[in-house]
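Since the structure comes first, as structure tokens, the remarks are kept for the end.
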Amino acid sequence: MKYTPFEIEKMLESMVILVDTREHPNRKFEKRVAGFGCSWERTKLDFGDYSCKYTELNGSEISLANTVVIERKQDGNELAMCFGTQRKRFEREFKRAQEAGALIYLLVEEECWESLYTGQYGKSARYRSKLTPRSLTASIHAWQARYRMNLQFCEADTTGPLIADILKYELREVLENEQ
């Protein structure tokens with residue numbers, strides 16, 4: 001290990017969450033970023049909606065935007081749209097992440113496996129995709145294998161703290177395993 005536990009804690013405390021400029025500011029956004037419990041800044045990310053940076057002991061800033069990102073979806077309807085009508089755009093984003101060697105967390109709010117498998121996902125049946133439950137779940141599993149995607153479900157109120165925790169522990173692993 002290159003760093004002492006004290007040095008690792010110091011760098012973890014310097015973590016700033018990077019929020020992609022395409023995340024739309026609204027009340028839910030404000031609540032989400034307030035839940036981070038740390039500093040954040042808006043910046044253009046090449047893929048994903050959230051990542052982080054930290055300050056190295058020598059004062060230089062190091063970004064993990066090409067190492068780990070979180071892609072957030074508001075519900076199963078948005079997720080199905082990404083695997084349906086927007087599949088090509090969604091796949092290009094995942095391919096860019098794969099080419100960079102990045103780990104992608106796909107965070108889906110207000111969902112669970114049971115609703116995806118039964119086709120009862122999303123906040124409103126009115127906007128539900130014509131994508132069959134089998135096609136949707138098969139696409140998710142294929143993406144997990146193909147793109148090293150880590151799928152997480154949560155309630156909207158948990159999104160901010162969950163994003164911060166995922167990035168904090170990914171950063172900790174980077175720092176603890178740095179040679």
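The values are calculated or read from the model by the stated rules, or taken from the named source; none is laboratory data. In this text, all values refer to a predicted model and were calculated from it rather than measured experimentally. Neighbour counts are summed over all protein chains in view; Cβ atoms, including those assigned to glycine, are modelled from backbone coordinates with ideal geometry. Protein only, heavy atoms only, side chains kept; ligands, DNA and RNA dropped before computing areas. Shrake-Rupley method; radii C 1.70, N 1.55, O 1.52, S 1.80 Å.
Checking every one of the trypsin sites (Lys or Arg not before Pro) in the range 94-144 against DSSP loop status and a limit of 10 other Cβ atoms within 10 Å picks out LYS130. Cross-link partners for LYS31 among the aspartates and glutamates, with Cα-Cα distance under 12 Å and sequence neighbours closer than 8 places in the same chain left out: ASP157.
Listed cross-link partners LYS2/LYS168; LYS53/LYS123; LYS44/LYS123 are compared with a 26 Å cut-off, the Cα-Cα value being larger for LYS53/LYS123; LYS44/LYS123. Just the protein heavy atoms count here, and of the accessible area of the chain at 1.4 Å, carbon and sulfur take up 50 percent. Paramagnetic label reach from LYS123 (point 7 Å along Cα→Cβ; backbone nitrogen cut-off under 12 Å): within the range 75-101, residues 75-78. For ARG72, the amide hydrogen comes within under 5 Å of the amide hydrogens of ASP49, LEU107, counting only partners 5 or more places away or on other chains and with H modelled in the peptide plane. Each stretch of four or more DSSP H residues adds -39500 (n - 2.57); spread over every residue of the chain, this sum gives -13000 deg cm²/dmol at 222 nm. With a Förster radius of 25 Å applied to the beta-carbon distance between GLU7 and TYR169, the computed FRET efficiency rounds to 0.90.
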